[in-house]
Amino acid sequence: MSNDNLSVISLVSIGEHPTSRRPRRAEQDARAIELGLKLVGNNLQTLHAGQVSDDPRQQTALRSYLGMGLAEINLLEMPEQADAILVLAEHLKQQNSDIILTGVRAESGESSGMLPYLLAEQLGMAMVTSVTDILSVDEVNKQAEVLQALPRGQRRKLKVDLPFVASVDMAAALPRQSAFGPAMRGQFEATLGGIFADQESPLWQTTDAKKRPKRLKIVKAKTAADRFKAATAKASGGGGKVVHGVEESAQAILDLLVEEGLV
Amino acid sequence: MSSSEFLSQFLFTLISAALLLTLIGAVKRVLLWSQGQSSTVHWRGLLQIPRRYLVDLHHVVARDKYMSNTHVATAGGFVLSAILIVLLYVFQLQLQLLTWALLGSSLLMFVGSIFVMIRRRNPPPNLSLGKWQRLPKSLMVFSLSFFILTLPATGILPSDTGGWLLALLLVIGIIWGIGEMFFGMTWGGPMKHAFAGALHLGLHRRQDRFGDGQSTGLKAIDLTANKLGVEKPVDFKWNQLLSFDACVECGRCENNCPAFAAGQPLNPKKLIQDMVIGMAGGDDAKFAGSPYPGIKVGTHKGGAIIPIVNILVESETLWSCTTCRACVEACPMMIEHVDAIVDMRRFETLEKGQTPGKGNEILENLSATDNPNGYAPNTRMNWAADQNLTVFGHNADKQEVTQADVLLWIGDAAFDMRNQRTLRAIIKLLRAANVDFAVLGDAECDSGDLARRLGDEANFQRLANSNIETMNQYNFNTIVTADPHAFHCLKNEYGELGGNYNVLHHTGFFAELVNQQKLKLDNSKELALTYHDPCYLGRYNGEYDAPRFLLESMGVKIKEMQRSKSTARCCGGGGGAPVTDIPGEQRIPDMRMADVTETKAEIVAVACPQCNLMLEGVVEPRPEVKDIAELMLDALIESTGEGVVADQVGGGS
Ligand code: SF4
Ligand code: SF4
């Protein structure tokens with residue numbers, strides 16, 4: 001596929017590892033870059049809204065996108081409390097991009113998943129969610145064919161008019177490995193973003209999310225070897241069944257509640 | 001002019017010309033090596049060449065008695081003859097003594113060459129054919145020609161014996177012999193190994209290896225360099241290029257390589273020959289040894305400034321290696337295959353981001369969580385929730401300590417249920433012997449072994465620096481660990497980054513405790529048992545005795561496997577091989593388990609968590625796999641040490 005005249009911008013953020021909470025290359029953003037590279041190769045532009053942090057770990061995280069083979073990442077410098085969407089929108093309005101790629105949801109910060117929607121709204125572009133692939137772009141008719149992820153591994157093929165914003169799903173192709181050398185040598189091109197203070201978030205109240213209770217697996221093993229086997233054995237399925245009819249369903253639920261000692 | 005006068009004049013011209021050509025060839029060869037990157041020149045090593053040849057090299061060659069005697073006769077005879085020939089025919093010293101000496105040395109060489117010939121009549125597959133099959137004939141022709149030539153000069157035969165016919169035959173023989181032995185030495189003939197080999201012994205990149213020394217740690221690279229790792233032959237250090245030229249294609253490395261035996265596309269001998277092809281330019285069509293399993297010879301080519309991977313050598317070849325060092329240990333020329341392989345892997349990982357298999361995932365996990373499987377770093381100590389371990393730290397409320405006699409290095413076994421059993425056994429044993437020990441707890445990171453061997457030097461250095469920084473906050477005398485990979489890193493590889501410690505493997509540490517009677521073992525065990533030497537304990541660190549001593553202290557008579565100690569076959573678990581998972585015809589652990597079964601042992605004792613996993617991964621029925629610490633715990637007589645022990649074991653602190 002040669003899309004030499006296509007302008008594709010991929011937005012990247014600093015991710016956060018779910019268990020260690022360390023900054024890292026965000027998984028969906030990395031997939032967006034992978035998709036962009038497949039589409040336009042070295043013509044892919046990459047944009048990050050924010051400063052290069054003094055924290056070496058934040059920097060390493062951002063650089064790991066460069067390690068995928070990008071020559072540079074454009075930085076749109078803005079203070080931390082600024083409203084990234086407005087800053088990005090103002091910048092992107094001048095870019096005439098055909099396709100803007102983002103992740104579905106950031107791994108850190110507000111992580112609301114609203115960015116692609118609000119951005120599309122600001123820019124007056126179409127918005128496609130949970131894209132796994134962009135199959136083809138017809139530059140003459142200004143139309144693209146994209147594959148969208150639906151639950152349970154289903155896919156839907158859509159035709160979208162250019163320009164559009166697409167959020168890239170976890171089901172998209174795995175991102176290539178980030179190599180240390182290119183990551184260290186890649187460049188940041190900084191431009192100053194507009195000043196747009198975030199009006200809303202200071203008014204919000206935040207509390208930590210609560211962990212959902214999880215049923216403990218009871219293992220009746222006596223020896224360490226047995227415990228080991230129980231822990232590593234594949235859970236044998238077959239517990240679930242499909243019940244039709246109101247009576248039967250109610251009965252099945254009741255049975256379960258009795259079994260669990262809840263009624 | 002008589003035929004003898006003609007011969008002596010002819011020889012003067014011929015040998016002088018041959019020496020000149022040899023010299024030109026030598027300069028060309030040196031220029032080839034000098035394309036490499038700079039590296040310390042160990043000039044003084046050059047003086048050590050004779051010693052290193054006679055002691056260190058022959059120490060390896062002598063594992064094959066037949067070959068070592070043959071080589072002494074042939075090489076000794078040749079070196080002596082060559083010197084005498086130059087003195088007699090170039091400098092024309094007319095000393096009778098020299099003539100007699102030449103008679104003797106050429107005879108010695110001739111005898112040697114007969115044995116070379118016999119060996120090559122039915123050459124085993126690890127020997128190269130082609131030009132190497134010609135060599136014994138050349139040796140014979142050379143030695144015989146000079147022997148006959150010298151006979152008249154000693155007065156045994158009248159001069160001009162045989163007349164012009166013999167003179168003609170001698171001329172042909174001498175041209176052949178000198179061509180192979182002098183000219184061929186620097187123009188890429190089989191005798192190249194003598195020229196390059198001698199210099200390589202002197203200028204070896206790891207000078208510490210000689211005189212029974214050891215040098216097995218990988219060398220760090222500067223991460224700010226413009227290119228990380230080796231992409232093209234010229235990216236090797238010059239002395240690595242020299243080392244490749246020293247290879248005699250004896251195939252001992254091939255014989256010992258587990259990946260080759262398993263049918264994975266790696267043959268260390270061919271790899272070294274490919275490096276020579278890369279350095280000098282050309283293709284591999286003339287290679288006359290065993291191919292990389294599954295890859296046809298003659299399909300690859302290279303050059304000094306042509307990238308190696310996937311042009312000269314397939315990437316699968318590099319990633320098949322378990323870094324077991326069996327090749328290095330077996331190589332009489334002391335070539336460092338593992339260094340070369342890791343150097344090329346570094347480029348693949350650090351510059352191209354092409355670590356195969358699960359490499360990418362594992363390396364990302366190491367970056368994000370300091371352990372290869374991505375477990376939360378703050379769950380590292382979960383396995384020991386019931387162990388009441390003393391942890392190093394500065395929080396007095398949590399009873400953390402800043403000082404202990406022993407730092408027990410846990411390693412990633414912390415996340416593995418099988419190896420947690422070994423850890424528990426070790427802790428019980430340490431307590432039984434009343435050892436004052438503490439652990440780093442959640443602050444411990446993976447040692448970096450896996451990352452480094454997967455070529456990710458950046459990750460290695462980060463992990464190592466983090467561990468060094470943590471450990472430098474505390475006082476301890478010894479680090480003890482059950483993981484030979486961590487043991488090797490801490491002992492041999494952290495030093496370059498500023499971490500110098502006294503490190504012991506648990507078997508070494510326990511052997512000392514048993515010696516001092518601080519641990520008493522029931523020595524009535526009658527177990528049908530064999531012991532598998534972990535590569536990183538044995539070949540990397542020379543520890544073969546402590547594990548055996550411990551097993552014998554339990555009364556076990558070890559049923560040694562045929563390949564044990566320095567020639568032990570790898571379990572397949574090192575060097576990230578399980579991560580890259582390059583397919584072959586068989587699995588290495590299955591082959592090792594077959595070695596075990598051959599001894600009729602019912603238990604195979606191991607001393608490494610990785611070996612444990614690899615060997616337990618072999619389908620049953622198979623012998624049981626147990627760490628030496630587990631066996632020791634079974635044999636422990638608990639009542640030592642006047643009641644203190646009971647306290648420690650029972651109550652904790
Ligand atoms: S280190 Fe082991 S696996 Fe690697 S080439 Fe040498 S013998 Fe083969
Ligand atoms: S590398 Fe060493 S062991 Fe292997 S063939 Fe060459 S000389 Fe022999």
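The values are calculated or read from the model by the stated rules, or taken from the named source; none is laboratory data. The structure displayed is predicted, hence computed values, not measured ones. Cβ atoms come from the backbone with ideal geometry, glycine included; neighbour counts cover every protein chain shown. Quick note on the areas: whole protein, heavy atoms, side chains included, nothing else; ligands and nucleic acids left out. Shrake-Rupley method; radii C 1.70, N 1.55, O 1.52, S 1.80 Å.
Would you call A:Gln177 touching a strand residue (DSSP E or B) at 6+ places or on another chain (Cβ under 8 Å), polar (S, T, N, Q) and closer than 30 Å to B:Thr355 by Cα?
No.
Answer yes if at least one residue in the stretch A:10-27 is surrounded by fewer than 19 Cβ atoms within 10 Å (Cβ to Cβ) and away from every other protein chain (no Cβ under 14 Å), and no otherwise.
no
Of the residues that make up the stretch B:305-313, is at least one within 16 Å of ligand 2 (Cβ to nearest atom) and of a type in the set (A, V, I, L, M)?
yes
Can you name the number of the only condition in (1) away from ligand 2 (no atom under 15 Å from the Cβ); (2) open to solvent by less than 10 Å² (accessible area, probe 1.4 Å); (3) within 30 Å of B:Phe147 (Cα to Cα); (4) in contact with a Lys or Arg (Cβ under 9 Å, 6 or more places away or on another chain) that B:Ala246 fails?
(1)
When the stretch B:526-560 is examined, which residues are found to be open to solvent by less than 20 Å² (accessible area, probe 1.4 Å) and farther than 19 Å from B:Ala259 by Cα?
The answer is B:Leu529, B:Thr530, B:Tyr531, B:Leu537, B:Asn541, B:Ala546, B:Pro547, B:Arg548, B:Leu550, B:Leu551, B:Met554, B:Val556.
Against the definition (within 18 Å of the chain's Cα centre (by Cα), of a type outside the set (A, V, I, L, M, F, W, C) and in a helix (DSSP H, G or I)), how does B:Asp212 come out, yes or no?
Considered against the rule, which asks whether it is within 18 Å of the chain's Cα centre (by Cα), of a type outside the set (A, V, I, L, M, F, W, C) and in a helix (DSSP H, G or I), B:Asp212 comes out as no.
Can B:Arg252 be described as open to solvent by 10 Å² or more (accessible area, probe 1.4 Å), within 16 Å of ligand 1 (Cβ to nearest atom) and over 24 Å from B:Ser320 (Cα atoms)?
No; evaluated as a whole, the condition is false for this residue.
Determine if the stretch B:61-71 includes at least one residue that is touching a strand residue (DSSP E or B) at 6+ places or on another chain (Cβ under 8 Å) and either among the aromatic types (Phe, Trp, Tyr) or modelled with pLDDT under 95 (or both).
no
Residues are listed down the side, and each one gets a yes or a no for (1) within 30 Å of B:Ile272 (Cα to Cα); (2) modelled with pLDDT of 95 or more:
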{"residue": "B:Ala326", "(1), (2)": "yes, yes"}
{"residue": "B:Ile335", "(1), (2)": "yes, yes"}
{"residue": "B:Thr349", "(1), (2)": "yes, yes"}
{"residue": "B:Gly374", "(1), (2)": "no, no"}
{"residue": "B:Ala396", "(1), (2)": "no, no"}
{"residue": "B:Ala404", "(1), (2)": "no, yes"}
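Residues of the stretch B:278-293 being open to solvent by 30 Å² or more (accessible area, probe 1.4 Å) and free of Cβ contacts under 8 Å to residues at least 40 places away in the same chain, which ones?
Across the stretch B:278-293, the qualifying residues are B:Gly281, B:Gly282, B:Asp283, B:Ala285, B:Pro291.
Looking at A:Arg57, is it open to solvent by 40 Å² or more (accessible area, probe 1.4 Å) and at positive phi?
So A:Arg57 fails the test.
For the stretch A:157-195, which residues satisfy the criterion of being more than 14 Å from every other protein chain (Cβ to nearest Cβ) and within 19 Å of A:Val52 (Cα to Cα)?
Residues satisfying the conditions are A:Gln187, A:Phe188, A:Glu189, A:Ala190, A:Thr191, A:Leu192, A:Gly193, A:Gly194, A:Ile195.
Restricting to the stretch B:326-346, what's the tally of residues that are within 13 Å of B:Arg539 (Cβ to Cβ) and within 7 Å of ligand 2 (Cβ to nearest atom)?
The qualifying residues number 4.
Out of everything in the stretch B:255-276 that is open to solvent by 30 Å² or more (accessible area, probe 1.4 Å) and farther than 20 Å from B:His71 by Cβ, what residue ends up being farthest from the other protein chains (Cβ to nearest Cβ)?
Ranking the candidates gives B:Ala261 first.
Conditions first: (1) under 25 Å from A:Gln122 (Cβ atoms); (2) within 14 Å of chain B (Cβ to nearest Cβ); (3) not polar (S, T, N, Q); (4) not in a strand (DSSP E or B). A:Leu88 passes all but one, so which condition is the exception?
Result: A:Leu88 fails condition (2) only.
Being away from chain A (no Cβ under 14 Å), open to solvent by 40 Å² or more (accessible area, probe 1.4 Å) and not acidic (Asp, Glu) is the filter here; which residues of the stretch B:210-237 pass it?
Listed by number, the residues that qualify are B:Gly211, B:Gln214, B:Lys219, B:Lys232, B:Lys237.
Report, by residue number, each residue of the stretch B:151-176 that is surrounded by fewer than 16 Cβ atoms within 10 Å (Cβ to Cβ) and at pLDDT 85 or above.
Scanning the stretch B:151-176 gives B:Leu165, B:Leu168, B:Leu169, B:Ile172.
Looking only at residues in the stretch B:296-326 that are of a type in the set (A, V, I, L, M) and more than 15 Å from ligand 1 (Cβ to nearest atom), which one is surrounded by the most Cβ atoms within 10 Å (Cβ to Cβ)?
B:Ile308
Which helices (runs of 4 or more DSSP H) does the stretch B:216-269 wholly contain that include 3 or more residues that are of a type outside the set (A, V, I, L, M, F, W, C)?
B:238-245, B:252-256
Would you call B:Met279 under 24 Å from B:His42 (Cβ atoms), aliphatic (A, V, I, L, M), within 14 Å of ligand 1 (Cβ to nearest atom) and assigned by TED's automatic domain parsing to the domain that holds B:Cys321?
The answer is no for B:Met279.
Of the numbered conditions (1) open to solvent by less than 10 Å² (accessible area, probe 1.4 Å); (2) within 11 Å of ligand 1 (Cβ to nearest atom), B:Glu329 fails exactly one; give the number of that condition.
Exception for B:Glu329: condition (1).
Given the conditions (1) without any contact (Cβ under 8 Å) to a residue 24 or more places away in the chain; (2) within 16 Å of ligand 1 (Cβ to nearest atom); (3) not polar (S, T, N, Q), report the number of the one that B:Ile341 does not fulfil.
Condition (1) is where B:Ile341 drops out.
Can you tell me which residue within the stretch B:374-426, out of those that are more than 24 Å from B:Asp634 (Cβ to Cβ) and among the basic types (Lys, Arg), is nearest to the other protein chains (Cβ to nearest Cβ)?
Only one residue tops the list, namely B:Arg380.
Kindly provide the set of residues from the stretch B:424-458 that are open to solvent by 10 Å² or more (accessible area, probe 1.4 Å) and part of a helix (DSSP H, G or I), ordered by number.
B:Arg424, B:Lys428, B:Arg431, B:Asp442, B:Ala443, B:Asp449, B:Leu450, B:Ala458
When the stretch B:259-286 is examined, which residues are found to be in contact with a Leu (Cβ under 9 Å, 6 or more places away or on another chain) and either among the basic types (Lys, Arg) or within 12 Å of ligand 2 (Cβ to nearest atom) (or both)?
B:Phe260, B:Leu271, B:Asp274, B:Met275, B:Val276
Here are some conditions: (1) more than 14 Å from chain B (Cβ to nearest Cβ); (2) under 27 Å from A:Gln143 (Cα atoms); (3) in contact (Cβ under 8 Å) with a residue 24 or more places away in the chain. A:Gly41 meets all but one. Which one does it not meet?
Tallying (1) more than 14 Å from chain B (Cβ to nearest Cβ); (2) under 27 Å from A:Gln143 (Cα atoms); (3) in contact (Cβ under 8 Å) with a residue 24 or more places away in the chain, A:Gly41 fails exactly one: (3).
For the stretch B:325-361, enumerate the residues that are away from chain A (no Cβ under 11 Å), in a helix (DSSP H, G or I) and not charged (D, E, K, R).
Within the stretch B:325-361, B:Ala326, B:Cys327, B:Val328, B:Ala330, B:His337, B:Val338, B:Ala340, B:Ile341, B:Val342, B:Met344 meet the criteria.
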